[in-house]
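The values are calculated or read from the model by the stated rules, or taken from the named source; none is laboratory data. Because the structure is a prediction, the values reported are computed rather than measured. Here the Cβ is made from the backbone with ideal geometry for all residues, glycine too, and neighbour counts use every protein chain on show.
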Amino acid sequence: MTMTLAADDHAGRDQTSPHPLSPLAPAEIRAAVAIVRADPRFGDRAMFETIELKEPSKKALRSGGPAPREARVNLFRTGEPGVWRLTVSLATAAVASAEFLAGAFPMIQLEEFLAIEEVVRNDPDFIAACARRGVTDMSKVCVDPWSAGNFGVPGEEGRHLSHTFCWLRLRENENFYAHPIGGLNAVVDIKALKVLRVDDHGAMPIPMNEINFEAQFRDSFRAPLKPLDIVQPDGPSFVIRDGVLTWDNWSLVVGFNARESLTLHDIRYDGRQIAHRASLVEMVVPYGSPDPAHARKNVFDIGEYGLGKLANSLALGCDCLGHIAYLDAHLNTMGGEVFTIPKAICIHEEDNGILWKHTDFRTERTEVRRGRKLVVSCICTVGNYEYAAYWYFRQDGGIEFEMKATGVINTVACLPGRPSKYGVEVSPGVEGQLHQHAFCARLDMAVDGDDNTFVECNTHAEPPGPSNPYGNAFFVEETVIATEGAAGRQVDTSTQRYWKVINPNRRNHVGRPTGYRLEPGHALTTFLGPESPSGRRARFMRNHVWVTAFDPEERYPAGEYMNHSDGRGDIVDFAAQDRPIDNADIVLWHVFGLHHLPRTEDFPVQPVISTGFKLIPCGFFDHNPAIDLPPAVNAASRQAGSSCCA
Ligand code: CO
């Protein structure tokens, strides 16, 4: 039996019933809230941190039967510590499980951002500190709420806090990040919604030059280029039906939640499984300044805020070019209302240049095929910064993830010409601090099935001698890593190290296990001291790859409830179980990122810099899987006349 949902319930999806892995529809979010509100343990005082699909087990999914819809719900109460972790059965309209975590803190909520700014601007100590800096019009002071970490500062213990930074906005819409107010931080108790403490580390002259990026402040623009239009007269080549996105030989389910933003499920090529689930599950931005005002800057944008609820509503023709399908994201407010971000997810195709080519130099016969890629993306704004996440699916079986970082770098005041050693002066009196953006992807691999094996591949030179008489020989040594304890690994360029996930039970036509190779992007070195307050909480950065045995509750590499955490319950603890991972259901975690040393060109708004990784088939197919692309000549392409080459 199929049921028809209201038009808004799966907007943008051509389907009649939710896929078992599709995100909760608005009606389901409302139902979950009503079920919780009706339970006397929670009632009207419950505030909702997150309401998301509790994904059905792999067993339930594979059984083919209807998977009962369940919601994961995190609750907290105003003015009280702790988080309730619930499973809500939508099928039976009951709270199926409830656990109270007294020491846990929720993510900082969207609604709290502006409330924190307001309470700081109205605080007498903060007003006095601003006055000492010559700032008396508090309406011009902008306060950004940062997560506070866990620094053991007396008086902060057990509190849910925001550590704030402030800037001055000279006039409406002006770029306030050009005017950092130095040495001033208010610490806000989020539960009590009051300023716990104002730290005045000493005033610094506020740089007052306007440095804007909004078009309204520009007198002139460079001459525009001629139009470049993406035209698909017959529409795009993908469809979304019953929650399944299919394009070319690919199929997958697109999910979305408040914490991770995009999630991809049941990724297949030609019907063959590659990954059960793939998403970005954590990121942390450690800043390198020892200045007491800035040493706490080590923000986990996914675990402490939630990237998904900060997603933009995308603009056709600006964010997204061509023939676009958008999906809305349905999330929840703290009060339990449905919070919809229209057009949060963009799905489209892009030309991807040539995919393969060969010219026989004897006959001058040429075979060439252009490739195309399917792109699934979203863009999230976290305070001063934008993170634009792109998943690419290539016709040769490759999967790529790209994270584009843009927005405004975080700024601090410095004396003109005298930036600190830990930053770069990007404009007179404005310093951008050295920092990193470390990302962690969780790749629940399922190469031709759940049971997979993790293999490290190192290239070695053959030792000189009879087996290498000309000194040129090298070979690849493959090592199966059989336990979690041994699977925390780092990039090694001296051996051209890479990793693959193979299915030891499936063979290709040369008798080798089918597999996918992880091609790391930028390998980051962490500069956080291992026992430092931030280093203890960012232990996932210590390796570039981790492999763990699948556990549906091991979702986040810095821990599930990691706001103010002390680091426990993270991926180091997952791996310390030392479970077997050979021919088992395994999860590959990849850590990569940007070592961001700001440039003058990064200000006032930073051109995109990007990082990411690739998963490419490695013995998965018997031949080039794109050999069957039909020859084609794009009829709309034109040879430019002599006017452009004069
Ligand atoms: Co940066």
- Message: One residue is enough: does the stretch 531-541 have a residue meeting the conditions within 28 Å of E99 (Cβ to Cβ), more than 16 Å from the ligand (Cβ to nearest atom) and touching a Phe, Trp or Tyr at 6+ places or on another chain (Cβ under 6 Å)?
- Response: yes
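Can you give me the ranges of the strands (runs of 3 or more DSSP E) entirely in the stretch 361-474 with at least 2 residues that are under 20 Å from the mean Cα position of the chain (by Cα) and within 16 Å of the ligand (Cβ to nearest atom)? Outline the logic, then answer.
Numbers: elements: 365-382, 385-394, 399-407, 411-413, 423-427, 430-433, 435-445, 451-461.
Hits in the stretch 361-474: 365-382, 385-394, 399-407, 435-445.
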- Task: Can you run down the residue pairs with Cβ atoms below 7 Å, 6 or more apart or on separate chains, where the first is in the stretch 42-62 and in a helix (DSSP H, G or I) and the partner is surrounded by 12 or more Cβ atoms within 10 Å (Cβ to Cβ) and of a type in the set (K, R)?
- Result: G43/R37; D44/R37; R45/R77
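Could you please let me know if T136 is outside the structural domain of M208 (by TED's automatic domain parsing), over 26 Å from K309 (Cα atoms) and loosely packed, with under 14 Cβ neighbours inside 10 Å?
Numbers: outside the structural domain of M208 (by TED's automatic domain parsing): no; over 26 Å from K309 (Cα atoms): yes; loosely packed, with under 14 Cβ neighbours inside 10 Å: yes.
Criteria not met by T136.
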- Filter result (crowded, with 18+ Cβ neighbours inside 10 Å and closer than 21 Å to R37 by Cβ) within the stretch 90-106: L90, V95, P106
- Task: Of all residues in the stretch 281-297, count the ones that are away from the ligand (no atom under 16 Å from the Cβ) and either in contact with a Pro (Cβ under 6 Å, 6 or more places away or on another chain) or part of a strand (DSSP E or B) (or both).
- Result: 2
- Item | Selection within the stretch 31-54 - under 25 Å from I108 (Cβ atoms), surrounded by fewer than 20 Cβ atoms within 10 Å (Cβ to Cβ) and among the acidic types (D, E) | D44
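Could you list, in sequence order, the residues of the stretch 295-312 that are touching a residue at least 12 places away in the same chain (Cβ under 8 Å) and either more than 15 Å from L262 (Cβ to Cβ) or basic (K, R) (or both)? Walk me through how you get there before you give the answer.
Restricting attention to the stretch 295-312, the residues satisfying the condition of being touching a residue at least 12 places away in the same chain (Cβ under 8 Å) are 296-312.
Residues satisfying the conditions are R296, K297, N298, V299, F300, G303, E304, Y305, K309.
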- Message: Restricting to the stretch 322-346, name every residue that is in contact with a Pro (Cβ under 6 Å, 6 or more places away or on another chain) and either within 19 Å of E111 (Cβ to Cβ) or buried (at least 22 other Cβ atoms within 10 Å of the Cβ) (or both).
- Response: H330, V338
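Here are some residues: A104, A67. Which one is of a type in the set (G, A, S) and in contact with a strand residue (DSSP E or B) (Cβ under 7 Å, 6 or more places away or on another chain)? Explain how you work it out, then say what you get.
Details: A67 fails: in contact with a strand residue (DSSP E or B) (Cβ under 7 Å, 6 or more places away or on another chain).
Criteria check complete, one pass: A104.
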- Query: Among all residue pairs at least 6 apart or on different chains, which show Cβ distances below 6 Å where the first residue, located in the stretch 376-398, is closer than 17 Å to S251 by Cα and the second is within 16 Å of the ligand (Cβ to nearest atom)?
  - Reply: Y390/E402
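Is there a residue in the stretch 612-635 that is within 16 Å of the ligand (Cβ to nearest atom) and within 30 Å of the chain's Cα centre (by Cα)? Write out each step before concluding.
Of the stretch 612-635, the ones within 16 Å of the ligand (Cβ to nearest atom) are 612.
Next, from what is left, pick out any that are within 30 Å of the chain's Cα centre (by Cα): 612.
Scanning the stretch 612-635 turns up at least one residue that is within 16 Å of the ligand (Cβ to nearest atom) and within 30 Å of the chain's Cα centre (by Cα).
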- Item | Contacts under 9 angstrom Cβ, first residue in the stretch 405-422 being under 16 Å from H179 (Cα atoms), partner away from the ligand (no atom under 14 Å from the Cβ) and among the aromatic types (F, W, Y), 6 or more apart | V408/F213; N410/F165; T411/W167; V412/F165
- Which ones in the stretch 320-331 are within 21 Å of the chain's Cα centre (by Cα) and at pLDDT below 95? C320
- Item | Which numbered condition Y390 misses (of (1) among the hydroxyl-bearing types (S, T, Y); (2) surrounded by 22 or more Cβ atoms within 10 Å (Cβ to Cβ); (3) within 22 Å of L307 (Cβ to Cβ)) | (2)
- Query: Taking T479, is it closer than 30 Å to Y390 by Cβ and of a type in the set (S, T, Y)?
  - Reply: no
- Query: How many residues are under 28 Å from R536 (Cβ atoms) and either crowded, with 23+ Cβ neighbours inside 10 Å or without any contact (Cβ under 8 Å) to a residue 24 or more places away in the chain (or both) when one looks only at the stretch 167-189?
  - Reply: 4
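Of everything in the stretch 144-180, what is among the hydroxyl-bearing types (S, T, Y) and farther than 30 Å from P81 by Cβ? Give them in sequence order. Full working, then the answer.
Keep residues of the stretch 144-180 that are among the hydroxyl-bearing types (S, T, Y), which gives 147, 162, 164, 177.
Selection gives Y177 alone.
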- Task: Quickly run through the stretch 493-523 and pick out the residues that are within 27 Å of the chain's Cα centre (by Cα) and in a strand (DSSP E or B).
- Result: Y498, W499, K500, V501, I502, G515, Y516, R517, L518, E519
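So that you can scan it fast, the table gives a plain yes or no per residue for (1) surrounded by fewer than 22 Cβ atoms within 10 Å (Cβ to Cβ); (2) among the polar types (S, T, N, Q):
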site	(1), (2)
M562	no, no
D578	yes, no
D582	yes, no
V605	yes, no
S610	yes, yes
K614	yes, no
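So which of V119, V141 ends up being among the aliphatic types (A, V, I, L, M), more than 26 Å from G103 (Cα to Cα) and touching a residue at least 12 places away in the same chain (Cβ under 8 Å)?
V141
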- Task: Could you run through the stretch 581-607 and say how many residues are within 16 Å of the chain's Cα centre (by Cα) and within 11 Å of the ligand (Cβ to nearest atom)?
- Result: 2
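Output the residue which, of all residues in the stretch 63-85 that are assigned to a loop (DSSP other than H, G, I, E, B) and among the small types (G, A, S), is surrounded by the fewest Cβ atoms within 10 Å (Cβ to Cβ).
It comes out as G64.
Within the stretch 467-479, is even one residue in contact (Cβ under 8 Å) with a residue 40 or more places away in the chain and on the phi < 0 side of the Ramachandran plot?
First, pick out the residues of the stretch 467-479 that are in contact (Cβ under 8 Å) with a residue 40 or more places away in the chain: none.
There is no residue in the stretch 467-479 that is in contact (Cβ under 8 Å) with a residue 40 or more places away in the chain and on the phi < 0 side of the Ramachandran plot.
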- Any idea how many residues of the stretch 277-301 are closer than 21 Å to L327 by Cα and in contact with a helix residue (DSSP H, G or I) (Cβ under 9 Å, 6 or more places away or on another chain)? 2
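Could you list all residues from the stretch 230-245 that are part of a loop (DSSP other than H, G, I, E, B) and farther than 17 Å from L21 by Cα? First the steps, then the outcome.
Taking the stretch 230-245 first, the residues part of a loop (DSSP other than H, G, I, E, B) are 230-237, 242-243.
Within the stretch 230-245, I230, V231, Q232, P233, D234, G235, P236, S237 qualify.
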- Task: Name every residue in the stretch 161-190 that is closer than 21 Å to E49 by Cβ and more than 27 Å from the chain's Cα centre (by Cα), in order of residue number.
- Result: D189
